[in-house]
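Undergrad: After the structure tokens below, expect a handful of questions from me.
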Amino acid sequence: MPRTPWSRPDPVERQDDEEQRLRELGYQPVLARRMGDFGNFAISFSVISILSGCMTLYGFGLNTGGPAVMLWGWAGVGLFVLCVGLSLAEVTSAYPTSGALYYMADRLGGRKWGWYTGWLNLLGLLGAIAGIDYGAALFIGALLDLQWGFDATPEKTFVIFVCLLLLHAALNLFGVRLVSLLNSISVWWHLAGVGVIVTALTVVPGHHQSPEFVLTEFVNDTGWSNPLYVAAIGLLLAQYTFSGYDASAHLSEETSRASVTAARGIVRAIWVSWIAGFVLLAGLTFAIQDYARTQGAEVPPAQIFIDALGVGSAKALLLVVIGAQLFCGNAEVAAASRMVFAFSRDGALPGSGLWRTVSTRTQTPVAAVWLSVAVACLLAVPSLYSKTAYGAVTAINVIGITPAYAIPIFLRLRAGDAFQPGPWHLGRWSRPIGWVAVVWVALVTVLFCLPQSRPVTVDSMNYASIALAVVLALATVWWFVARRSYGTPSPYGTAREQAEIAEGIV
């Protein structure tokens, strides 16, 4: 019986359709397609991780604009990020590959567009691993201090950070089925965690800040005198948290019905995080007992828990936050390693032949996983010497990955009617939403290259702009070395590739 547009094909047929679509885009399927609709949404939701981003940069927000910028900034940034996510989802539906952003840019703009998009995306993903796991190490240090008086020196924190990287590498080596299961658990852990934290901070403390304080109090301890400038750089808390949702696209070759599922996963992860994150930030801010003491704490959310609930409850809530951060870091390693695999598959990285290898047992890119955690470790080394290094790592994540989101969207707009949308698309809203997304990304990219505190010294310098310049310079130099080996396959593959497909060679 012929299938109508409203009928639902069986799972085997859907998977065969996606494998055929991947071949049409020029790639042989080699990864296991074992992730479903919820699992694909869960990986982006886990990477966004409101219990990681909001918590680790909460102290930054207290100094850079204070409650007003944190709450209203979250609401505004979330709206613009949703526009970015909607536009990116539309392009993802047309090109559901592990390469994701750089493959889209390559198809829509040419090899150089793909090349630089790939390097920016890779910088952002690796910076995200470093930022997430180092943030988790800080919270673990705070918990150990409460429990046993642990002195969380930079060296000890770095050791914890390395252990977390090794844990996440090991978990990712077991295959995408375990990754998908952990991400599914992560969704409920995050949502339940936000509920428990906000409920406890609402019910238990005898004192709460006023709505006027939470929604209008502006705090500037940056050294800069211009309030607009301070409010602008204060948006980093929200923008850093709202990153990583391209994970759904990077896992598309391991997702059933990816042309729809990956696109839907991106959008759903953003709006669910938007709502839950606002509730979390409001709950934390209402519960502040002593603003100055909270500002001066090594881990400000931990100080809020202690002041509002007592040490015992603070330990329990820190465990909730740490669990969420561990889920987040694991999901980010999965996304970054798939980017490394895909970029190497197209000959873009030094040693590509090694990084694109896939385990025959688990169908996981093992070498790509190890490379991802190794580079993330190197990115966090400056934290041994500078207290501001963590802020630089988070900014590296934002200014690396955020422009990479906008490039495929811009190229899709430039292509006009030549762009062939996939089954998930925005229709007549595509162009207006797309231009809002591009303008927003251009704005925040400039903002997060600017100094975050004054006076600007070696310790307070925002090194994110330097990291961005170094990566672009290296990408340019490497282009002249690898331009003959780099290239995404032509749609439908070469004649030889089609012959191999016909023979069933994988």
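Undergrad: Tell me the Kirkwood hydrodynamic radius of the stretch 36-502 in angstroms, computed as one over the mean inverse distance between distinct C-alpha pairs.
TA: For the stretch 36-502, the Kirkwood estimate is 22.2 Å.
Undergrad: So what's the net charge close to Ile409: Lys and Arg +1, Asp and Glu -1, counting the other residues with Cβ under 14 Å from its Cβ?
TA: +2
Undergrad: Using the alpha-carbon centroid of each, what span in Å lies between the stretch 222-254 and the stretch 161-211?
TA: Taking the Cα centre of each part, the stretch 222-254 and the stretch 161-211 sit 19 Å apart.
Undergrad: Using just the helices of the chain, give the 222 nm mean residue ellipticity in deg cm²/dmol: DSSP H runs with n ≥ 4 each add -39,500 (n - 2.57), and the total is spread over all residues, rounded to 500.
TA: Theoretical 222 nm ellipticity from helices: -23000 deg cm²/dmol.
Undergrad: Which is the longest run of the chain containing none of the trypsin sites (Lys or Arg not before Pro) found in DSSP loop states (not H, G, I, E, B) with at most 12 other C-beta atoms within 10 Å? Before the final figure, lay out the partial values.
TA: On the way: sites that count: Arg3, Arg361, Lys387, Arg484.
Longest stretch, sites excluded: 4-360.
Undergrad: Place a point 7 Å from Cα of Val279 in the direction of its Cβ. Which residues in the stretch 188-213 have their backbone N less than 19 Å from it?
TA: 188-205
Undergrad: Each residue of the stretch 248-258 in turn: what ³J(HN,Hα) in whole Hz from Karplus with 6.51, -1.76, 1.60 and θ = phi - 60°, glycine and Pro shown as x?
TA: 4, 6, 5, 9, 5, 6, 10, 10, 6, 6, 5
Undergrad: Moving on. Express in nm, to one decimal, how much length is gained between Ala292 and Thr360 on full extension, taking 0.36 nm for each residue of separation and deducting their alpha carbon distance.
TA: So the chain would gain 18.9 nm between Ala292 and Thr360.
Undergrad: Whole-Hz ³J(HN,Hα) for each residue in the stretch 183-198, computed from phi via Karplus 6.51 cos²θ - 1.76 cosθ + 1.60 with θ = phi - 60°, x for glycine and proline: what do you get?
TA: With the stated coefficients, the stretch 183-198 comes to 5, 5, 4, 4, 4, 6, 4, 5, 5, 5, x, 4, x, 5, 4, 5 Hz.
Undergrad: State the answer as a single residue: which of Ile409, Ile304, Ala334 lies farthest towards the positive end of the charge dipole of the chain, with beta carbon charges of +1 for Lys and Arg and -1 for Asp and Glu, about the Cα centre.
TA: Positive-end residue among those listed: Ile409.
Undergrad: For Met35, list long-range residues whose amide hydrogen, built 1.01 Å from N in the peptide plane, is under 5 Å from its own amide hydrogen.
TA: When sequence neighbours closer than 5 places are left aside, the close amide H contacts are Thr255, Ser256.
Undergrad: Once fully extended, how much extra length lies between Phe213 and Asp37, figured as 0.36 nm per residue of separation less the alpha-carbon to alpha-carbon distance?
TA: Once the chain is fully extended between Phe213 and Asp37, it gains 59.3 nm.
Undergrad: Sticking with the crude label model, points 7 Å out along Cα→Cβ, report the distance from Met461 to Arg428 in nm, one decimal please.
TA: Between Met461 and Arg428, the label points sit 5.3 nm apart.
Undergrad: Continuing with this model, one more query. How long is the gain from Val439 to Trp271 if the chain were fully straight, where each residue apart is worth 0.36 nm and the alpha carbon distance is subtracted?
TA: 58.5 nm
Undergrad: Same structure again: Residue farthest toward the positive end of the dipole of the chain, with Cβ of Lys/Arg at +1 and Asp/Glu at -1: which of Val198, Val179, His208?
TA: Among Val198, Val179, His208, the one farthest towards the positive end of the dipole of the chain is Val179.
Undergrad: Treating only the Cβ of Lys, Arg, Asp and Glu as charged (+1, +1, -1, -1), what charge dipole size does the chain show about its Cα centre? Round to the nearest 20 debye.
TA: 1000
Undergrad: Give me, ordered by chain and number, the residues 5 or more places off Tyr27 or on other chains with an amide H under 5 Å from its own placed amide H.
TA: Long-range HN contacts for Tyr27: none found.
Undergrad: Per residue of the stretch 263-278, in order, report the coupling 6.51 cos²θ - 1.76 cosθ + 1.60 (Karplus, θ = phi - 60°) as ³J(HN,Hα) in whole Hz, putting x for Gly and Pro.
TA: With the stated coefficients, the stretch 263-278 comes to 4, 5, x, 4, 5, 5, 4, 5, 6, 5, 5, 4, 5, 5, x, 5 Hz.
Undergrad: Still on this structure: Whole Å is fine, so just give me how far the alpha carbon centre of the stretch 87-130 lies from that of the stretch 426-458.
TA: 17
Undergrad: Here's something else I'd like to know. Projecting each Cα onto the charge dipole of the chain (Lys/Arg +1, Asp/Glu -1 at the beta carbon, about the Cα centre), which of Cys54, Ala68, Val373 comes out farthest on the positive side?
TA: Val373
Undergrad: In addition: So for the chain, averaging the separation of alpha carbon pairs under 8 Å that are six or more residues apart and normalising by length, what relative contact order in percent results?
TA: Numbers: 889 pairs, mean separation 163.6, N = 506.
Relative contact order here is 32 percent.
Undergrad: In units of 2.2 N^0.38 Å, what is the alpha-carbon radius of gyration of the stretch 161-244?
TA: On the way: Rg = 19.4 Å, N = 84, 2.2 N^0.38 = 11.8 Å.
With N residues counted in the stretch 161-244, Rg over 2.2 N^0.38 Å equals 1.64.
Undergrad: Where does the charge balance sit around Val176 when Lys and Arg score +1, Asp and Glu -1, over other residues with C-beta under 12 Å from its C-beta?
TA: Working: positive: Arg33, Arg34, Arg177, Arg338; negative: Glu253, Glu254.
Spelling it out: positives minus negatives among the neighbours equals +2.
Undergrad: Report, largest value first, the span of the C-alpha coordinates of the stretch 316-380 along each principal axis, in whole Å.
TA: 46, 29, 14
Values in this text are rule-based calculations from the coordinates and carry no lab data. From a predicted model like this one, the values you see are computed outputs, not experimental measurements. No Cβ is skipped: glycine too gets one built from the backbone with ideal geometry, and neighbour counts run over all protein chains shown.
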